[in-house]
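Participant: Handing you a structure now.
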Amino acid sequence: MLTVRIATEDDDAAANLLARRAFDELRRVYKPTDSAAAAISPGLRLVAEIDRRIVGTVRYEIEGQKLHLRELAVAAGHRRTGVGRALVEHCSGIAISAGLRSLSLYTIKETGNVAFFERLGFRIVREEQASWAQSPLGADLIEVYLERCL
């Protein structure tokens, strides 16, 4: 059974490892510049568990009237099973309870993740060249900002 909960300090090692593995796959498409990587604040974290094993994680921060998602990661063997959706929906519940108006996030278009978020009700607000990320192949990257009204 899938459960989503607020992460504890005891979850940090497993959640960080899961996120690192998931994002290592994306490094074929992009990687943050050194200055961008150093500027990321940790935020709050949720974890998704199946049989007491962490299979997904997301960080989030409240920014004004929005709950902003970052670093959504799902273990390779659990993708397309509802884990990502469950994490986003839990964030939605937190935002609604806090009286916020929307969820927001950034993603790199070339990862293919925009379609996933659109299926979850997010809409594209803007697209622009990603100045904080670089392609290992030297290609331009497009940063997409999405929001979902609550």
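Where a number appears in this text, it was derived from the coordinates with a stated rule and is not lab data. Quick caveat, the model's predicted, so the values are computed rather than measured. Glycine also receives a Cβ, built like all others from the backbone with ideal geometry; neighbour counts cover every protein chain displayed.
Participant: Quick check: convex hull over the Cα atoms of region 1-83, volume per residue in Å³, rounded to an integer?
Facilitator: Working: hull volume 9.9 nm³, N = 83.
Enclosed volume per residue, from the Cα hull, is 119 Å³.
Participant: I would also like to ask the following. With a cut-off of at most 12 other beta carbons within 10 Å, and DSSP calling the residue loop, which trypsin sites (Lys or Arg not before Pro) in region 1-103 qualify? Please list them. The partial results should precede the final answer.
Facilitator: Numbers: sites: 5, 20, 21, 27, 28, 45, 52, 53, 59, 66, 70, 79, 80, 85, 101; in loops: 27, 28, 52, 79, 80, 101.
Passing both the DSSP loop test and the Cβ count: 27, 28, 52, 80.
Participant: OK, next. To the nearest 0.05, how large is the calculated FRET efficiency for residue 123 and residue 14 if R₀ is 25 Å and r is the Cβ-Cβ distance? Write out the running numbers ahead of the final one.
Facilitator: Working: r = 33 Å, r/R0 = 1.32.
With a Förster radius of 25 Å, E is 0.15.
Participant: Now for a separate question. Can you show me the helix-derived [θ] at 222 nm for the chain, built from DSSP H runs with n ≥ 4 at -39,500 (n - 2.57) apiece and divided by the number of residues, rounded to the nearest 500. Display every interim value, and only then the final one.
Facilitator: Details: 4 runs with 43 residues, N = 150.
Roughly -8500 deg cm²/dmol at 222 nm, from the helical runs in the chain.
Participant: If you bin every alpha carbon distance in region 2-149 into 10 Å steps from zero, what whole percent lands in each bin?
Facilitator: 11, 41, 39, 9, 0
Participant: Then there is this: Note the full-extension length gain between residue 98 and residue 25 as 0.36 nm times their separation in residues minus their Cα-Cα distance, in nm to one decimal.
Facilitator: Values: separation 73, 0.36 × 73 = 26.28 nm, distance 3.38 nm.
The span from residue 98 to residue 25 would gain 22.9 nm if fully extended.
Participant: Applying 1/(1 + (r/R0)^6) with R0 = 41 Å to the Cβ-Cβ distance of residue 140 and residue 44, what FRET efficiency is obtained, to the nearest 0.05? Walk me through the intermediate numbers first.
Facilitator: Numbers: r = 32 Å, r/R0 = 0.79.
E between residue 140 and residue 44, to the nearest 0.05, is 0.80.
Participant: Simple spin-label model, 7 Å along Cα-to-Cβ: residue 53 to residue 3 in nm?
Facilitator: Modelled inter-label distance: 1.7 nm.
Participant: Further, regarding this structure: Please say if region 76-150 is rounded, prolate or oblate, where rounded means a/c under 1.5 for a ≥ b ≥ c the square roots of the C-alpha gyration tensor eigenvalues, and otherwise the choice is prolate for a/b larger than b/c and oblate otherwise?
Facilitator: Numbers: a/c = 2.65, a/b = 1.50, b/c = 1.76.
Here region 76-150 falls in the oblate category.
Participant: Roughly how many debye, to the nearest 20, is the charge dipole of region 24-132 about its Cα centre, given +1 on each Lys and Arg Cβ, -1 on each Asp and Glu Cβ, and no other charges?
Facilitator: Details: 17 positive and 13 negative charges, 44 e Å.
With only Lys, Arg, Asp and Glu charged at Cβ, the dipole is about 220 debye.
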